[in-house]
Structures are given as C-alpha cells and as structure tokens.
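Accompanying notes for the structure given below.
The values are calculated or read from the model by the stated rules, or taken from the named source; none is laboratory data. Predicted model, so just to flag it, every value in this text is computed and none were measured. Using ideal geometry, Cβ is built from the backbone for each residue, glycine included, and neighbour counts are taken over all protein chains shown. The area values use the complete protein model at the heavy-atom level, side chains included, leaving out ligands, DNA and RNA. Shrake-Rupley method; radii C 1.70, N 1.55, O 1.52, S 1.80 Å.
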Amino acid sequence: MSSPAQHLAEAALAQQPLAQNLVQSVDWLAVAPPTLTAVVGLVVLVTDLFVKDARKPLLGWIAVAGLAASALMLLPLIGDDRSTFCLTGRPGVCSYTADTFTLAVQFLVLGGALLTALLSLTAVKDAERGLPEGEFWFLLLSSAAGAALLPASRDLATLVVALEVASLPAFALVGLRQGDRKSSEAALKFFLSSVTATAVSLMGISFLYATTGTLHLTQVAERVQHVDGQFATLAQTGAVLTLVGFAFKTAAVPFHFWVPDTYVGAPLPIAAYLSVVGKAVGFCGLILVTVVALPSYADVWGPALAALAALTMTVGNVGALRQQATRAYSAVRLLAWSSVGQAGYLLVPIAAAAYSDDPEHSIGSTVAYALMYAAVNLGAFAVAALVGRTRSLNRVADYRGLYASNPLTALLLAFFLLCLAGLPPGVIGLFAKVTVFSAAVDAGLGWLAVVMAVNVVIALFYYLHWTALLFRTPEDATARHRAPAPLTAALTVTAVLAVALSGAPQLILRFADTGLF
C-alpha cells in the first residue's frame, strides 16, 4: 500500500505538466507596438489628472510621440516572423503572430492613428466643439492599441477582445462633442450597429467552438473539416454568423446604414480615423476568419463575399452620386459614401481568395489597396479639415474656386481625388485598382470584374465633379485657409506618401506578389 506522502507526491507530479502549460514566455519585442500604444494611453490618462488646463495641449503631443514610437517598433520585426503565447509543445498554435500580414496592417493602423492625432491637435482646442483633451487622447490611443492587436490575433478570443478594444473607445470618440445633437445621434447609431455585430459574431464563434473544441485559428481550420455530420450544420451556421458580424464592421451593404450619419456627426478627425483604421480592423478580422480559420468553407463564404462586394461598391457609389442631387451636400457625407464604395473594392480580393489557387496573392491585393486608400483618403480628410476651419458647414460647394485662394491645397485635393478615382497622375490608385481587378479575373470571377469596372466609371463622375469645382471661378471672395503646423504636417505626410507611391507603386504592390502568412 502506498502512504499518504506517496499519494501527495504522485498528485504533485501529475499537476506539473499543467503548471508548465500555464507558464509561458512572452516575446516582448513582438507585442511591443500595441503594448506601447496602450501604455502611452495610460500615461496620458494619469497625466491629465495633474496637468493644468493651460498645459493640456501637452497631452496631444505625448500621444503623437507615443504613436510614432509604436510605429518605429515595427522596424525590428521586419523580415522575422515571431509568435508568442503558444501552446506548450505546439509552437505553430499561437495566440499572437507578427508576420508580414500583421506588420503591414499594424503600419496602416498606427500610421493612420498618427495622422489622425495630427489632425486632432487643432480640433480639440476648439472650445465650441467641447472636446475634453485628456479623455479624447486616452480613447484614441486605446482604440489604436486594440486595432494594432487585431491583425496579430490568431485565436478567436483574442480576435474578439481586440475588436472590442478598438470599437468601444470609438463610440465615445464619436459622441464626445458636448451639447451636439448630431454627435450624440451618430454615436448611438454606431453603438447599436456595432453591438449587434458583436453579438452576432460571438454567437457564431460559440458555434465554431462547440463543434471544433478550440479557439485557435489554425486548429479550427484543421478540425472543422472533420466535424461529425450531425454538427456540420451548426459549424456552417457559426461560420455564416461570424462573417455577418464582421460585415457590419466593414460597412458592407446592407450593414452600412450607420456610416453617413456617423461620419457627419463625429468630429472630423474621428471620421477620418473610422474611414481608414476602423475599416482596416473589419477587413483584417474578415481575412483571418475566412482565409486562416475557414479555408475549407470557401464554397460558403466565397460566393457570399462576392455578392457583398458587388452590392457594396454599387450602393456606395450610387449613394455618393445621389448626394450631388442634394443642394449644399456635405463633403464629409460624400466621403462617407465614397468609403462604402471603396469597401466593395476591398472585398473583391477576399472573395477571390475562395476561388484562387494562390489565396495569399489575393489577400496581398487587399492589403496593397488598403494602404493606398489609407494614404489618399486621410489626405482628402486633411484638406476637408483645413477648409472646415473657415467654412463650418464644409459643403462641397465651399470648395469652388479653392485654387484661386489656396493653389497648393487645391492641387493636393485634386491629386487625392484622382488617386481615389484611379486616374493619372494618381498612378498608385490606378495600379491598386488594376491589382484588385486582376485578382477577380484570375479567380474566374469575370462578372465581378465587370461590376467593378462599371462602378469605377460611376465613381469618376462625382470625383471629377469635385475636382473640376476646385478650379472654377469662385462665386464670392474666398478666404485664404491658413493651416496650423500639425495640420500642415498631416497634409505634407499624406502628399509625400501619395506622390512617392505614384512614382514607385512597387513599394505597396509587392504585397500582392509575396506571401503574407
């Protein structure tokens, strides 16, 4: 017979592997970009308690410095895939992976957040808008941290947590303007739509977990192929619900209804942030769920995303076109409908990945297009912020004759609009659209390529109309728009990026020719 001491020793040995599973090393360099962003957010929050009102602008510069430092932390990770929070004995099953795809999206997110911060430095000083500086910068950094975490997430739990960390502060940012009814209504619409999306996604993820017994994306991909017949329907339902939830986040039609009112009601820098970083978060989650976790269900999500892409680009461009029938239509509302149309183009390569023999090439096309769109769309919003300083309504009609008073600003906006339209000299916009078009053709989705070509023609009308308006004779005396230093910096960065990428498009388009995972 064994003694009680022997029983205790055997129990301790039995618990030892479990204890080892719970102790994991952390690759701090890999997790540095989102971690540093979150830490700077906490620093801003604490500093706000002790800084006098006269020195509150310091918080904005701390946020800008923190985002710049977080973006620089991506440099040591280039060319070196790193993973952390992995299962013991399963190095390929991890919760956090910093690969080429992750770094490209994190660069987009942190760069977009940095440009948003530059646009915001002036906006938060406006007393009429009632933007509390400490809360604003903390919320922006918190959202950016979640957005930077999401592309590295390789399990469904981390994916949802990152998505909510990116989304929840954004609700508050939209409604942060005190005493503004439009801002409150925009925040409520955004909140209700996002909460619905999250609930649908969580239900889908719970179905996938129930049928596969794991949350890690690579393991889901392996096990979902071998689900018993009686649970196959449950797994397919989980896949569909998860995709529907992310379709809300990407503003794909018919889940786009919140976009125009939210962009118009939000502070303009936050509208710019949502149009780029918010969109990147949704598409990134969609890519991870489809291509990484559910490649065996390509026959389910491929046709669904192709239909969504066609519907989204058509409704977005027609919606933007209809704005011109409205007298004194808003420039921000036009950019909002334009962003819905651009979301349709971004969906095309993801849908093509379901039919392609080389899905990484298709996903690379989405990343390349997203990087181009981020640079030029933020540039357009930067010009809108400059014009909005003297024209509070910020109507498209307010841009008439802009070249006469601000020739350089007018030329920059014209260049950004031509990039979005895909016309020379906006070469990067043209090449990015050709890359997306090629992905659809190579995957055998000729009908979707035709729909895209028609929509490009539709979009030309409102982009060129706005561009032509810049060079018309002004109806009245136009004031010269003076840009503060942070706004000038944002304009300069976006202009340099757009021009440089048009001169050397291979800097971005190479993502379409290299492996991302």
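A quick yes/no check of all residues on (1) of a type in the set (Phe, Trp, Tyr); (2) within 18 Å of Val40 (Cβ to Cβ); (3) touching a Leu at 6+ places or on another chain (Cβ under 9 Å):
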{"site": "Val93", "(1), (2), (3)": "no, no, yes"}
{"site": "Tyr96", "(1), (2), (3)": "yes, no, yes"}
{"site": "Asp99", "(1), (2), (3)": "no, no, yes"}
{"site": "Gln106", "(1), (2), (3)": "no, yes, yes"}
{"site": "Leu131", "(1), (2), (3)": "no, no, yes"}
{"site": "Glu135", "(1), (2), (3)": "no, yes, yes"}
{"site": "Ala144", "(1), (2), (3)": "no, yes, yes"}
{"site": "Leu159", "(1), (2), (3)": "no, no, yes"}
{"site": "Ser167", "(1), (2), (3)": "no, no, no"}
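Leu464 - would you say it is over 25 Å from Asp299 (Cα atoms), surrounded by fewer than 22 Cβ atoms within 10 Å (Cβ to Cβ), more than 22 Å from the chain's Cα centre (by Cα) and among the aliphatic types (A, V, I, L, M)?
Working: over 25 Å from Asp299 (Cα atoms): yes; surrounded by fewer than 22 Cβ atoms within 10 Å (Cβ to Cβ): yes; more than 22 Å from the chain's Cα centre (by Cα): yes; among the aliphatic types (A, V, I, L, M): yes.
Criteria met by Leu464.
Just the residues that are open to solvent by 10 Å² or more (accessible area, probe 1.4 Å) and either closer than 20 Å to Gly179 by Cβ or touching a Pro at 6+ places or on another chain (Cβ under 9 Å) (or both), please, taken from the range 248-268.
Asp261, Val264, Leu268
For the structure I just gave you, tell me whether Gly444 is part of a loop (DSSP other than H, G, I, E, B), within 22 Å of Ala353 (Cα to Cα) and of a type outside the set (Val, Ile, Thr).
Taking the combined requirement at face value, the residue satisfies it.
State whether one or more residues within the range 82-104 are under 26 Å from Leu58 (Cβ atoms), among the charged types (D, E, K, R) and open to solvent by 40 Å² or more (accessible area, probe 1.4 Å).
No, the range 82-104 contains no residue that is under 26 Å from Leu58 (Cβ atoms), among the charged types (D, E, K, R) and open to solvent by 40 Å² or more (accessible area, probe 1.4 Å).
One line per residue, one yes/no per condition, for (1) in contact with a strand residue (DSSP E or B) (Cβ under 7 Å, 6 or more places away or on another chain); (2) within 22 Å of Leu487 (Cα to Cα); (3) modelled with pLDDT under 90:
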{"position": "Leu108", "(1), (2), (3)": "no, yes, no"}
{"position": "Val124", "(1), (2), (3)": "no, yes, yes"}
{"position": "Glu128", "(1), (2), (3)": "no, yes, yes"}
{"position": "Leu150", "(1), (2), (3)": "no, no, no"}
{"position": "Leu156", "(1), (2), (3)": "no, no, no"}
{"position": "Val161", "(1), (2), (3)": "no, no, no"}
{"position": "Ala172", "(1), (2), (3)": "no, no, yes"}
{"position": "Gly179", "(1), (2), (3)": "no, no, yes"}
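I'd like to verify a number: residues in the range 430-461 that are closer than 21 Å to Leu321 by Cα and open to solvent by 50 Å² or more (accessible area, probe 1.4 Å), how many?
5
Looking only at the range 167-197, which residues are of a type in the set (S, T, N, Q) and open to solvent by 20 Å² or more (accessible area, probe 1.4 Å)? Let's see the steps before the verdict.
Looking only at the range 167-197, we keep the residues that are of a type in the set (S, T, N, Q), and these are 167, 178, 183-184, 193-194, 196.
Result: Gln178, Ser184, Thr196.
Considering only the range 201-210, I want to know if a residue exists there that is open to solvent by 50 Å² or more (accessible area, probe 1.4 Å) and either free of Cβ contacts under 8 Å to residues at least 12 places away in the same chain or in contact with a His (Cβ under 9 Å, 6 or more places away or on another chain) (or both).
No.
Within the range 137-151, does at least one residue satisfy the condition of being over 17 Å from the mean Cα position of the chain (by Cα), more than 26 Å from Thr242 (Cα to Cα) and hydrophobic (A, V, I, L, M, F, W, C)?
Just the residues of the range 137-151 that are over 17 Å from the mean Cα position of the chain (by Cα), to begin with: 137-138.
Keeping just the survivors that are more than 26 Å from Thr242 (Cα to Cα) gives 137-138.
If we keep only those that are hydrophobic (A, V, I, L, M, F, W, C) too, we end up with 137-138.
Scanning the range 137-151, I find at least one residue that is over 17 Å from the mean Cα position of the chain (by Cα), more than 26 Å from Thr242 (Cα to Cα) and hydrophobic (A, V, I, L, M, F, W, C), so the answer is yes.
Please work out if Arg472 is surrounded by fewer than 19 Cβ atoms within 10 Å (Cβ to Cβ), without any contact (Cβ under 8 Å) to a residue 12 or more places away in the chain, more than 22 Å from the chain's Cα centre (by Cα) and not in a helix (DSSP H, G or I).
Judged against the criteria, Arg472 is not a match.
Only one of Ala449, Ala439 is closer than 30 Å to Ala307 by Cα, in contact with a Phe, Trp or Tyr (Cβ under 6 Å, 6 or more places away or on another chain) and assigned to a helix (DSSP H, G or I). Can you tell me which?
On inspection, the qualifying residue turns out to be Ala449.
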